[in-house]
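Notes to accompany the following structure.
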Amino acid sequence: MQVVIFLYFYIFTRSTTQGCINKLSQTPCFKEYFMIKKILVANRGEIAIRVMRSCREMGIESVAVFSDADRTSMHVRYADEAYNIGAAPSNESYLVIDNIIEAAKRSGATAIHPGYGFLSENAEFSDRCKKEGLIFIGPSSYAIDTMGDKITARKKMQSANVPVVPGTTEPITDLKEAVEVIKGIGLPVMIKASAGGGGKGMRLVMKEEDIVSAVTSAKSEAMAAFSNDAVYIEKYIESPHHIEFQIVADNHGNCVHLFERECSVQRRHQKVVEETPSPIMTEKVREEMGKHAVAAAKAVNYSGAGTIEFIVDDNLNYYFLEMNTRLQVEHPITERVVGVDLVKTQINIANNLPLDFKQEDLKQKGHAIEVRIYAEDPDNNFMPNPGKIEHMTEPLGLGVRHDGYVYPGYEIPIYYDPMISKLIVWALTRKEAIDRLKRALYAYKITGIKTTIPFLNRILDVPDFVEGKYNTHFIQDNEEYLVPSGESPQRVQDMATIAAFVDYRKNLERFKEQRLCKPNVGNWKAFGRKRNVTRL
Ligand code: MV4
């Protein structure tokens, strides 16, 4: 009997329209047989917990996997059950497909969420899940492979009329030919590895005589890193913005964008601050780019949540750069401004449900900013600074979201990415969001390890950032504001001294007027205790 019901619904759901699936999905029988009830989260840290939070809201059980170094990690505690998948190094645990599949089977999970990093953009993993009868919560191996190879992706985008950076769409085979092609495009150009992304295997060429050595070294670096030495050429965009569009696509042909994220504040190709809306965006360009982002996703039959990266010049000319076929670190700013739970959406799509919103339903409201907090010493060249967390006070209050995983007593392992949390704030305006972020960072106390919080505080005081006038050169252009105060140039130190003096004089006047106790610059601690005590 159950088999008959199963077959009946199986055939029925495959051959009927969305409306029917919508109704069917509400029936207990459908839920029993077709909906995901248990998800294995093939990741660690804050993103594993982020995914499990949505699972809990949806009444879905979550399964954690953990390496030997992660026995006491928070994602293991948060999950309903947990399986050890190997030794501490990720290539012996979080990257071992067989171990993860085995944990899924033993737990009875029917779906796997890969988070970001690790196996999230691994086409073999997506395929293997399917072969084992498990749902991979992400796109097909075809979409991952097509977008993972930059030359293939450029060709695809050209045929979908998505603007790409002027350049070549075939690998460079001959050095002499490369010189001629580059002269045609015009210097400066970038040589990029087809298997690259995130800046690996990339060379900037300013002068004709550097072409041969740049192509040769880019090829050998690409070979060493990706076992693939295909490189191509792009015209160099001088001072670009990195602006990306969030898209979601279901398995019924619906695809919408959830607007942009401005990610130009980067350090060595690592994002530091992300915000939405982008301070440079106009309504017209946003709409156009959104349409191109949707076209890009449709060109590879995309399913799930994905991101289309563009580089944008000062005149708002934009070009497709690459597609990230996963949920991204910075997804919460989009969630906050658009009001959509992206993990829930991913799970619904994996359940073959149609999107429950249309493009015209989606709007950006207010402004969200995210900063990434790393266990790194910003005053010592961002050296990773793992160790034991002694005390920790998390920021709270109106408009604050803190996605993390460390707790007092926890020792950060050396084996993985040193990012410990993401602080996301929302407010109606950009200015208010910056003020709120400063307030939240002020309240964020963590001892036992060094973090990048002081560096983030400095960024939020840089005039170019406050004014929203920045591009991908922001950090190098504002070095004098961002270096630790002890090492800042004499000019900046002098300015700080003068500002402090002026401020002191102003306060002195105010204190006299209000008959407050006398400010005492020589004894700040006592001053802090007494300053608000009014003498009557
Ligand atoms: C570029 C570019 C300028 N022109 N391509 C860096 C990482 C990789 N995803 C692409 N990158 C760039 N490609 C052309 N044709 C400048 C960069 C770039 C960059 C891009 C986005 C965010 C930060 C960046 C920092 C330096 C260079």
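The values are calculated or read from the model by the stated rules, or taken from the named source; none is laboratory data. The structure displayed is predicted, hence computed values, not measured ones. Reconstructed Cβ throughout: ideal geometry from the backbone, glycine too, with neighbour counts over all protein chains shown. Note: accessible area is taken over every heavy atom of the protein model, side chains too, but ligands, DNA and RNA are not part of it. Shrake-Rupley method; radii C 1.70, N 1.55, O 1.52, S 1.80 Å.
In the chain, inverting the average of 1/r over every pair of distinct C-alpha atoms gives 25.6 Å as the Kirkwood radius. Could you calculate, for the stretch 114-265, the ratio of the Cα radius of gyration to the Kirkwood radius, expressed as Rg to Rh? For the stretch 114-265, the value is 1.01. Mind checking which of Leu40, Val164, Phe455 is farthest towards the positive end of the chain's charge dipole, using Cβ charges of +1 (Lys, Arg) and -1 (Asp, Glu) about the Cα centre? Positive-most Cα among the choices belongs to Phe455. Under the rule a/c < 1.5 gives rounded, and otherwise a/b versus b/c splits prolate from oblate, where does the stretch 300-345 land using the Cα gyration tensor? It is oblate, given that a/c is not under 1.5 and a/b is not larger than b/c.
Computed from Cα atoms, the angle from the helix 490-514 axis to the main principal axis of the chain rounds to 70 degrees.
Using only Cα coordinates, the Kirkwood hydrodynamic radius of the stretch 241-482 works out to 18.7 Å. Here the stretch 246-336 has an Rg and Dmax of 12.8, 39 Å, counting Cα atoms alone. Specify the angular offset, from 0 to 90 degrees and rounded to the nearest 10, of the alpha carbon long axis of helix 97-107 from the longest principal axis of the alpha carbons in the chain. Here the helix axis deviates by roughly 80 degrees. Got a sec? Charge dipole of the chain, +1 on Cβ for Lys and Arg, -1 for Asp and Glu; which of Pro395, Ile349, Gly201 is way out at the positive end? Of the candidates, Pro395 comes out farthest on the positive side. Among beta bridges identified by DSSP and lying wholly in the chain, the antiparallel ones come to about 80 percent. When the inverse distances between all different Cα atoms of the stretch 35-137 are averaged and flipped, the Kirkwood radius reads 13.1 angstrom. Sorting the Cα pairs of the stretch 166-235 by distance into bins of 5 Å, from 0 upward, gives 3, 20, 34, 26, 13, 3 percent per bin.
Rg over Rh for the stretch 95-171 works out to 1.12, both radii taken from alpha-carbon positions and Rh defined as the Kirkwood radius. For the chain, the share of accessible area belonging to carbon and sulfur comes to 52 percent (1.4 Å probe, ligands and nucleic acids excluded). Suppose the Debye formula is applied to equal point scatterers at every Cα of the stretch 278-323; what is log10 I(q)/I(0) at q = 0.24, 0.28 Å⁻¹? Here log10 of I(q) over I(0) equals -0.90, -1.12.
Net charge of the neighbourhood of Glu283, taken over other residues with C-beta under 14 Å away and scored Lys/Arg +1, Asp/Glu -1, is +1.
Quarter the surface of the alpha carbon convex hull of the stretch 359-467 and you get the mean projected area, 8.4 square nanometres.
If only the Cβ of Lys and Arg carry +1 and only the Cβ of Asp and Glu carry -1, the dipole of the chain around its Cα centre is close to 2080 debye. When Arg50, Arg203 are compared by accessible area of protein heavy atoms, the largest-first order is Arg203, Arg50, using a 1.4 Å probe. Note on the chain: dipole from Cβ charges, positive end direction compared against Pro484, Ile243, Leu95; the farthest Cα belongs to Pro484. Directionally averaged projected area (the stretch 221-260, Cα convex hull): 5.6 nm². Based on DSSP H segments of at least four residues, each scored -39500 (n - 2.57), the chain has a per-residue ellipticity at 222 nm of -11000 deg cm²/dmol.
Counting only alpha carbon atoms, the long axis of helix 283-299 and the longest principal axis of the chain meet at about 40°.
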